[in-house]
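Shown next, in structure tokens, is the structure this report addresses.
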Amino acid sequence: MRLLIPSKASLRRWTAVALAFGFAVAGATLWLRLGFSRPWTTESFLAYAQRVTGTARLQVATLQFVEVFRLEDPATLLGIPLPEVIVEARAPVETTWYLDLNARWSVSVRDRDVFVAAPPLQFNTPAIAVGRLEYRTVRSSLWRREAPVLEKLRVALGPMARRAAAAHLPQVRETARNQVSLFVRAWVLQKEHEGETGAIRVRFADEPASPFAPAAPRRG
């Protein structure tokens, strides 16, 4: 039996191969550990979100407010202006805001910070507490009947409530930003990357073009 002793040149080649393989394994391990640079990062987050929520919507805020709906109703008779009738309705309204998980998202990491580009905020049909509706006449007229104007207001409550909800968007946006940040943080934790990430910065598609805004600091 012959014992083959490799030459010095062969040893150098095998040493280089072993070092290259070692660096490749270390790099791949780090790449897999960080995870965020992989092309399926966004898909991974969305799959997690849909699995956790059980729906294609991520609920981020619920706003409850008392809204006053006002209708000013002018009229004419034979071309002659009649006194305006003004009526109001007052009721609690609840609106739920959400993000569509089937819409366009982007999740990436730069310098340890997580950047989330989320779709525009949307809201469900506002829920008016009909049982607590209060109507009142602000201005009446001897020449006009109030009942038709009140009925016109009643029919218009739905569209009015939607416009009122949309007007609350700036107030809701920061709450939604924090909720998205918390949700992303939970995803990061389940991927065991908590120690490797910094701030979570969220921007919604309907915001003016500006740097990503960080979520409010977590309170310990």
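Read the figures in this text as sums done on the coordinates, not as results from a lab. Because the structure is predicted, anything quoted here is derived from the model rather than measured. Reconstructed Cβ throughout: ideal geometry from the backbone, glycine too, with neighbour counts over all protein chains shown.
First check a/c for region 39-83, with a ≥ b ≥ c the square roots of the eigenvalues of its C-alpha gyration tensor; if it is under 1.5, answer rounded, and if not, answer prolate when a/b is larger than b/c or oblate otherwise.
Verdict is prolate for region 39-83.
Binning the alpha carbon pair distances of region 39-214 at 10 angstrom intervals from zero yields the distribution 9, 29, 23, 16, 12, 8, 3, 0, expressed in whole percent. Between the listed residues VAL93, VAL68, PRO81, the Cα displaced farthest toward the positive end of the dipole of region 39-214, a dipole computed from Cβ unit charges relative to the Cα centre, is found at PRO81. Taking Lys and Arg as +1 and Asp and Glu as -1, the other residues whose beta-carbon sits under 14 Å from that of ASP73 total +1. Placing +1 on the Cβ of every Lys and Arg and -1 on the Cβ of every Asp and Glu, with no other charges, gives region 39-214 a dipole of roughly 240 debye about its Cα centre.
Converting the Cα gyration tensor eigenvalues of region 109-172 into ellipsoid dimensions via √(5λ) gives semi-axes, longest first, of 43, 11, 10 Å. Here the Karplus relation 6.51 cos²θ - 1.76 cosθ + 1.60, evaluated at θ = phi - 60°, turns the backbone of region 172-178 into coupling constants of 7, 4, 5, 4, 5, 4, 5 Hz, with x for every Gly and Pro. Each pair of Cα atoms in region 125-208 enters the Kirkwood radius, and Stokes-Einstein at 20 °C and 1.002 mPa s then converts it into a translational diffusion coefficient of 124 µm²/s.
All other residues whose Cβ lies under 10 angstrom from that of VAL60 are scored, Lys and Arg at +1 and Asp and Glu at -1, for a net of +3. Note on region 64-119: semi-axes of the ellipsoid equivalent to its C-alpha gyration tensor, largest first and rounded to whole Å, are 50, 16, 10.
Distant-in-sequence amide contacts of SER141, defined by a placed amide H-H separation under 5 Å and a gap of 5 or more residues or a different chain, comprise nothing.
If I take R0 = 30 Å and measure r between the Cβ atoms of ASP206 and LYS152 in this structure, what FRET efficiency does the formula 1/(1 + (r/R0)^6) give, to the nearest 0.05? For ASP206 and LYS152, the calculated efficiency is 0.40.
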